[in-house]
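**Student:** One structure coming up, written as structure tokens, with questions to follow.
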Amino acid sequence: MQTDEELAVSIQQGNQSALTELVNRHHSRLIGYLYRLTGGNRGLAEDMAQETFLRVIRAIEQYRYPRTFKTWLYAIATNIARDHFKRAEMRYSMIDVDSNEYINLSTDHQPETTLIVDAETQGVINALMSLSEHQRVVVVLRYYEGLALQDIATTLDIPVGTVKSRLSLGLKKLKEKLERSGVYEK
Amino acid sequence: MKNNVPAGNDKLKTLLEEDLGSSDAVDEYLPIIGKLQQWSTPSSAQAITDTLITQLAHELPAKQSHLERVLEIYPIAILRSQLMIVKREIWIASILLTLIGLLVTMAIYDSTSNDLTPIAILAPIIGAIGTGLIYDSGLERILELESTTRTSKQMILLARLTLVYGFNLSLSLLTSVLLSLIQSDISLLPLISSWFIPMTFLSAFAFFISIISGDAFLAWSLNIGIWTLHVVFNGQISNANPLTQYLSLQGLSTPQFHPLLLMMAMVLIGVAVWFTEQVEHGRGNVA
């Protein structure tokens with residue numbers, strides 16, 4: 001079986017079956033990653049995954065073997081998610097605070113695309129979404145996607161030590177939130 | 001509320017140990033990870049993936065032949081880009097001068113004479129003119145290219161030097177081979193050795209002067225002057241006074257000096273390329 005990196009090189013040469021194989025390998029998993037980053041917005045996660053693969057293919061000539069393809073893919077996906085969060089934050093800052101208009105900063109929840117979950121799971125989602133974006137990204141990459149510390153560091157272009165400190169702070173904050181909301185008891 | 005410990009928690013334990021260091025911390029946070037694991041992602045329909053693949057197929061780069069892929073290799077791509085930018089006059093001048101050298105050598109070559117052949121006289125001049133003009137030709141384009149790509153101006157200059165020197169070297173080699181085939185009394189290797197080192201040294205010297213002074217005319221006129229002195233006075237060396245000996249710059253075609261000249265050529269190129277940045281800054285400050 002060809003590795004992701006070999007498939008990426010084949011795509012550089014215009015190989016469509018390599019493209020099919022690589023997208024089939026990662027698409028579903030990538031949607032899962034973005035779904036969690038966006039607080040459970042499936043439609044948004046699918047759109048972002050589509051945008052990620054489009055960017056990957058448009059920039060495929062910049063891919064240099066033997067860089068790990070998965071870290072490159074997740075780096076692009078993370079940047080897309082971050083751009084989305086920034087735009088949402090800008091929109092929020094333009095709203096008159098006196099109007100008490102509600103906007104969910106990070107997720108842009110659309111009722112039709114957000115699945116109904118039980119109260120406990122909702123508590124987990126809320127706790128995760130209360131983390132800063134930096135902490136949330138490393139927690140999701142580590143404990144949902146199972147990426148190695150070094151791979152997370154490469155994906156986010158930060159030192160391994162920074163990954164560890166973000167994980168540590170993120171877990172601490174998650175614990176507090178889950179305890180406060182009654183989802184977790186000591 | 002019940003605190004779940006995740007199924008298959010050995011893997012998560014290992015992750016936590018690596019992240020948090022102590023086993024106490026692992027025990028403390030393992031249930032938290034267990035809670036996180038409760039949140040599963042909905043399964044994604046294959047139809048969505050298939051639609052995406054169809055869409056991406058339109059964005060695929062065109063299939064490349066082996067030759068096209070080779071041409072995309074970084075050093076070759078730089079050389080190709082510079083091939084179109086280097087002044088056309090450089091190629092034309094080199095071809096014309098080499099042709100003249102070939103014809104004159106064929107017409108007047110005398111195997112009994114110890115003098116340099118016309119092609120051996122012209123080859124270093126061709127080299128010096130070509131490389132002297134590299135920096136002068138399209139300096140703005142070098143800076144423009146540097147600002148729009150990741151290629152440094154030093155790399156661009158080296159690519160141009162490789163192209164121009166390589167072209168002149170190939171022309172002179174071809175001419176020497178032709179001469180040795182046409183004129184049976186001309187030996188190939190002695191002919192090549194009569195121009196190769198002087199050409200290499202003067203090309204490097206012209207390149208160096210053109211970068212330091214920023215003046216192509218100064219670079220190649222200085223080199224033509226040096227070589228002319230050598231050619232004129234070297235013939236009179238047997239009955240020469242000290243001044244003639246001095247002006248003849250004997251070392252340029254003395255085999256014992258060739259390794260030294262070759263080393264000096266490399267040093268001159270290295271220094272010139274290294275100084276490119278400084279020279280450019282200096283000019284920028286003056287401007």
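Just so it is clear, none of the values below were taken in a lab; they were calculated from the coordinates. Keep in mind that this is a model prediction, so the values were computed, not measured. Positions of Cβ are backbone-derived with ideal geometry, glycine not excepted, and every protein chain shown enters the neighbour counts.
**Student:** Size of the dipole of segment A:1-95 about the Cα centre, Lys and Arg at +1 and Asp and Glu at -1 on the beta carbon, nothing else charged, in debye to 20?
**Tutor:** On the way: 13 positive and 10 negative charges, 69 e Å.
The dipole magnitude comes to about 320 debye.
**Student:** Now a separate question. Could you check the spin-label model distance between B:T162 and A:S165? Points 7 Å from the Cα along Cα→Cβ, value in nm.
**Tutor:** Taking the simple label geometry, B:T162 and A:S165 are separated by 4.3 nm.
**Student:** Taking K and R as +1 and D and E as -1, what net charge do the other residues with C-beta under 12 Å from the C-beta of A:M1 add up to? Display every interim value, and only then the final one.
**Tutor:** Working: positive: A:R25; negative: A:D4, A:E6, A:E21.
Result for the neighbourhood of A:M1: -2.
**Student:** If the cut-off is 19 Å between C-alpha atoms, which lysines fall inside it for B:K87, apart from same-chain ones fewer than 8 positions away?
**Tutor:** Reachable lysines: B:K153.
**Student:** Same structure again: Be a star and scan segment A:18-36 for residues whose amide nitrogen sits under 20 Å from the point 7 Å along the Cα-to-Cβ vector of B:T54.
**Tutor:** Only A:18-28 fall inside the zone, counting backbone N under 20 Å.
**Student:** Sticking with this one: Only Lys, Arg, Asp and Glu count, each charged at its Cβ (+1, +1, -1, -1), so figure out the dipole size of chain A about its Cα centre, rounded to 20 debye.
**Tutor:** Its charge dipole is roughly 640 debye.
**Student:** Mind scanning B:K13/B:K35; A:K172/B:K13; A:K177/B:K35; A:K164/B:K13; A:K86/A:K164; A:K86/A:K177 and naming the pairs with a C-alpha gap bigger than 18 Å? Each step should come with its number before you reach the end.
**Tutor:** On the way: B:K13/B:K35 14 Å; A:K172/B:K13 16 Å; A:K177/B:K35 12 Å; A:K164/B:K13 15 Å; A:K86/A:K164 24 Å; A:K86/A:K177 24 Å.
Among B:K13/B:K35; A:K172/B:K13; A:K177/B:K35; A:K164/B:K13; A:K86/A:K164; A:K86/A:K177, the Cα-Cα distance tops 18 Å for A:K86/A:K164; A:K86/A:K177.
**Student:** How do B:I95, B:I269 line up, fewest other C-beta atoms within 10 Å first?
**Tutor:** On the way: B:I95 14, B:I269 22.
Ordered by Cβ neighbours within 10 Å, fewest first: B:I95, B:I269.
**Student:** Can you compute the FRET efficiency between B:Q250 and A:E6 using 1/(1 + (r/R0)^6), with r the Cβ-Cβ distance and R0 = 56 Å? Round to the nearest 0.05.
**Tutor:** 0.40
**Student:** Could you work out, residue by residue across A:44-50, how many beta carbons of other chains sit within 10 Å of that residue's beta carbon, and then give the average as an integer? Provide the component values of the computation, followed by the final result.
**Tutor:** Values: counts 0, 3, 4, 0, 0, 4, 5.
Per residue, the number of nearby Cβ atoms from other chains is 2 on average.
**Student:** Let me ask you something else. Points 7 angstrom from Cα along the Cβ direction at B:S152 and B:L260: gap in nanometres?
**Tutor:** According to this spin-label approximation, the distance is 3.1 nm.
**Student:** Next question, about the same structure. For the pair B:L174 and B:M84, what calculated FRET efficiency results from E = 1/(1 + (r/R0)^6), where r is the Cβ-Cβ distance and R0 = 30 Å, to the nearest 0.05?
**Tutor:** 0.85
**Student:** Follow-up question, since we're still on this one. With r defined as the distance between the Cβ atoms of A:K172 and A:R55 and R0 fixed at 41 Å, what FRET efficiency is calculated, to the nearest 0.05?
**Tutor:** Plugging the Cβ-Cβ distance into 1/(1 + (r/R0)^6) gives 0.75.
**Student:** At B:D24 and A:A148, where each label point lies 7 Å from the Cα along Cα→Cβ, what is the point-to-point distance in nanometres?
**Tutor:** Going by the 7 Å Cα→Cβ label model, 3.1 nm.
**Student:** Nearest 500 deg cm²/dmol is fine: what mean residue ellipticity at 222 nm does chain A get from its DSSP H runs of n ≥ 4 alone, each adding -39,500 (n - 2.57), divided by its residue count?
**Tutor:** So the calculated ellipticity at 222 nm is -21500 deg cm²/dmol.
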